[in-house]
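The next block holds one structure in the form of structure tokens; read it before the comments.
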Amino acid sequence: MAGGRPVAAVLAAVLSAGLLAGCSSGAEEARLEHSADYSAHLHLKVTGYPVPETLGLVQQVVWRLADGSADRLVKLAAAEGTADARRAAAEVWIRDYGPAAAGEVTADFGDDPANRQTVRITFHATGRVKELTLRLDGRDGSGGWRVMLT
């Protein structure tokens, strides 16, 4: 009967993992996704005055450009203009900056934000620069920090 113990142990481990996966929260999934993104991309060089929320947003914008993911870039956009216009802008950004975003990138954050912040992104592989405007979304800012896809 000793031969059955390894099978039981493996079965218990698989069932435990399944239960944990089924019980994981959206926050845990976001944390795992962030960890995967962080390890799959070069680190962003930063100057200026970001706050944690604007730094995280810009990092995700660069990752989405590097990945060529218009859908995920649009999810970071401020609710300005039509959904089609935001999607079209995301596709243009990816075409223009995507390949360079996979390389060395520096983000220079403007002054400490109140409800808006300008960030100058330099793509070192090409020398190109893209200026981002970040703003609090929603009527009262409750939508969190978003990027203007213009």
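Annotation: Pro52 fulfils all but one of (1) in contact (Cβ under 8 Å) with a residue 40 or more places away in the chain; (2) over 15 Å from Thr122 (Cα atoms); the unmet one is (1).
Scan the stretch 77-86 and give yes if some residue there is under 23 Å from Glu53 (Cβ atoms), in the same structural domain as Gly56 (by TED's automatic domain parsing) and β-branched (Val, Ile, Thr), otherwise no. Explain how you work it out, then say what you get.
Let us first name the residues in the stretch 77-86 that are under 23 Å from Glu53 (Cβ atoms), namely 77-81, 86.
Narrowing further to those that are in the same structural domain as Gly56 (by TED's automatic domain parsing): 77-81, 86.
This time we only want the ones that are β-branched (Val, Ile, Thr), so: none.
Looking through the stretch 77-86, none of the residues is under 23 Å from Glu53 (Cβ atoms), in the same structural domain as Gly56 (by TED's automatic domain parsing) and β-branched (Val, Ile, Thr).
The lone criterion from (1) farther than 23 Å from Asp84 by Cα; (2) within 17 Å of the chain's Cα centre (by Cα); (3) among the hydrophobic types (A, V, I, L, M, F, W, C); (4) outside any strand (DSSP E or B) left unmet by Val119 is number (4). Among the residues of the stretch 76-98, is any closer than 18 Å to Leu44 by Cα, out of contact with any strand residue (DSSP E or B) (no Cβ under 7 Å at 6 or more places or on another chain) and part of a loop (DSSP other than H, G, I, E, B)? Within the stretch 76-98 (the criterion being closer than 18 Å to Leu44 by Cα, out of contact with any strand residue (DSSP E or B) (no Cβ under 7 Å at 6 or more places or on another chain) and part of a loop (DSSP other than H, G, I, E, B)), the answer is no, since none of the residues qualifies. Within the stretch 122-144, the set of residues being under 16 Å from the mean Cα position of the chain (by Cα), at pLDDT 95 or above and either part of a loop (DSSP other than H, G, I, E, B) or not assigned by TED's automatic domain parsing to the domain that holds Arg86 (or both) is empty. Reported count of residues in the stretch 92-104, each being buried (at least 16 other Cβ atoms within 10 Å of the Cβ) and not aromatic (Phe, Trp, Tyr), is 5.
When you check Ala89 against the structure, is it more than 18 Å from Gly48 (Cα to Cα), out of contact with any Cys (no Cβ under 8 Å at 6 or more places or on another chain) and among the hydrophobic types (A, V, I, L, M, F, W, C), yes or no?
Values: more than 18 Å from Gly48 (Cα to Cα): yes; out of contact with any Cys (no Cβ under 8 Å at 6 or more places or on another chain): yes; among the hydrophobic types (A, V, I, L, M, F, W, C): yes.
Against the criterion (more than 18 Å from Gly48 (Cα to Cα), out of contact with any Cys (no Cβ under 8 Å at 6 or more places or on another chain) and among the hydrophobic types (A, V, I, L, M, F, W, C)), Ala89 qualifies.
When Leu65, Leu20 are checked against the criterion of being closer than 24 Å to Arg120 by Cβ and either at pLDDT 90 or above or outside the structural domain of Thr118 (by TED's automatic domain parsing) (or both), Leu65 stands alone in meeting it.
Working only within the stretch 90-116, note down all residues that are β-branched (Val, Ile, Thr) and under 18 Å from Leu76 (Cβ atoms). Please lay out each step first, then the result.
Pass one, the stretch 90-116, residues β-branched (Val, Ile, Thr): 92, 94, 105-106.
Val92, Ile94, Val105 - these are the residues of the stretch 90-116 that are β-branched (Val, Ile, Thr) and under 18 Å from Leu76 (Cβ atoms).
The values are calculated or read from the model by the stated rules, or taken from the named source; none is laboratory data. Worth saying up front: this structure is predicted, and the values here are computed from it rather than measured. Please note: Cβ atoms are built from the backbone with ideal geometry, for glycine as well, and neighbour counts cover all protein chains shown.
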